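The structure appears below as structure tokens.
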Amino acid sequence: MIPAGFAYTRAASAAEALALLAEYGDEAKLLAGGHSLLPLMKLRLAQPERLIDIGEVADLSYINDGGDHLAIGALTRHRDVEHSSLLAEHLPLLAHVASHVGDPQVRNRGTIGGSLVHGDPASDLPSVALATGATMVITGPSGERTLPAADFFEGFLETAVGADELLTEIRFPKYTGAGWGFQKFNRRAQDWAIVGCSVQAAGNGSNGGGNGSAGGVAGAVALVNMGSTPMLASDATDALRQGSSAAEIGAVAAEGTEPPSDLHAQAAYRQHLARVLVQRAATAAGL
């Protein structure tokens, strides 16, 4: 299908993008890689009157060592996340999951911030943000604010980023040397996950994400396509932090979830998949 007509403006900086959002309000949508917004526009599920292109805002594309955390600009491409030596050393789970996003074309154009802000409950990268206790940096007219990943995803395709705000950075605690696992069940390569999960074992560094204990950073278990938002598996996370086995963690992975039933899978089957996949991921994480 063909999208409805729209006006187009290219922003040269984050500050200019925020100014344009303030000028055009609800009429405008931000465009980064375009892999989430443009399909919705072609189906006319989204009909913005103006697109503000932030794809070339270079000051929001970086992967930096922040001491106790890794700071990633929201416009960093999936491919750069996938091949980052910093992430390979300190957060290999994120680099690995980025390698499973779409296909090479998508990974060369899509951005980590765009994936997170889209808030798709079946998307892969939100599970890493939740499992690692990432912190979202959101910038708006009143300045900068931070929010834990657990509070970021508010509803179906809805996040805490306001209409006049911009996700500018994601801060991930370091999990150097800690075990991790990722599992994704789909019908075909490059499909959205029918169910997916990330498991991050506890790390030893100081925590930039807010979910740690005195001895380091606490791990967690996160699920995708098990509800209206990406979610923490609360019971499985408690079991992980209590030192339970992979089988015990997997057994409670679906507790408290309300997965959808659709043409791909019934809710009960998704809950079964969650238990199986979390056990496999926890085993890969050495739990």
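Throughout, read-outs are computed from the coordinates displayed, never taken from laboratory work. Because the structure is predicted, anything quoted here is derived from the model rather than measured. Cβ: placed from backbone, ideal geometry, glycine included. Neighbour counts: every protein chain shown.
Converting phi to 3J(HN,Hα) with the Karplus coefficients 6.51, -1.76 and 1.60 and the offset θ = phi - 60°, the stretch 145-150 yields 9, 10, 8, x, 4, 4 Hz in sequence order, with x at every glycine or proline. Taking amide H as placed 1.01 Å from N in the peptide plane, residue 31 has its amide H under 5 Å from the amide H of 52, 53, 54, each at least 5 places away in sequence or on another chain.
With loop membership from DSSP and a limit of 14 other Cβ atoms within 10 Å, the longest segment of the chain without trypsin sites (Lys or Arg not before Pro) is 45-186. If you average 1/r over all unlike Cα pairs in the stretch 1-76 and invert the result, what Kirkwood radius do you get in angstrom? Computed over Cα pairs of the stretch 1-76, the Kirkwood hydrodynamic radius comes out at 13.5 Å.
Quick one: if the Förster radius is 30 Å, what FRET efficiency do residue 255 and residue 204 give, using the C-beta to C-beta distance and rounding to 0.05? List each step's numbers first, then the result.
Details: r = 29 Å, r/R0 = 0.95.
Calculated transfer efficiency: 0.55.
Over the chain, what is the relative contact order in whole percent, taking alpha-carbon pairs under 8 Å and six or more residues apart?
On the way: 699 pairs, mean separation 44.5, N = 287.
Averaging sequence separation for qualifying contacts and normalising by length gives 15 percent for the chain.
In this structure, the amide hydrogen of residue 169, modeled 1.01 Å from its nitrogen in the peptide plane, lies closer than 5 angstrom to those of 74, 137, counting only residues at least 5 positions away or on a different chain. Computed about the Cα centre, the dipole magnitude for the chain is approximately 880 debye when only Lys and Arg (+1) and Asp and Glu (-1) carry charge, each at its Cβ.
If Lys and Arg each add +1 and Asp and Glu each add -1, what is the summed charge of the other residues whose beta carbon sits under 14 Å from the beta carbon of residue 196?
On the way: positive: 184, 187, 270, 275, 280; negative: 120, 124, 191.
Result for the local shell: +2.
Computed from the C-beta positions of residue 10 and residue 263, the FRET efficiency with R₀ = 45 Å rounds to 0.70.
What number, rounded to the nearest 500 deg cm²/dmol, is the helix-based mean residue ellipticity at 222 nm of the chain, given -39500 (n - 2.57) per DSSP H run of at least four residues and division by all its residues?
Taking each H run of at least 4 residues, the total per residue is -8000 deg cm²/dmol.
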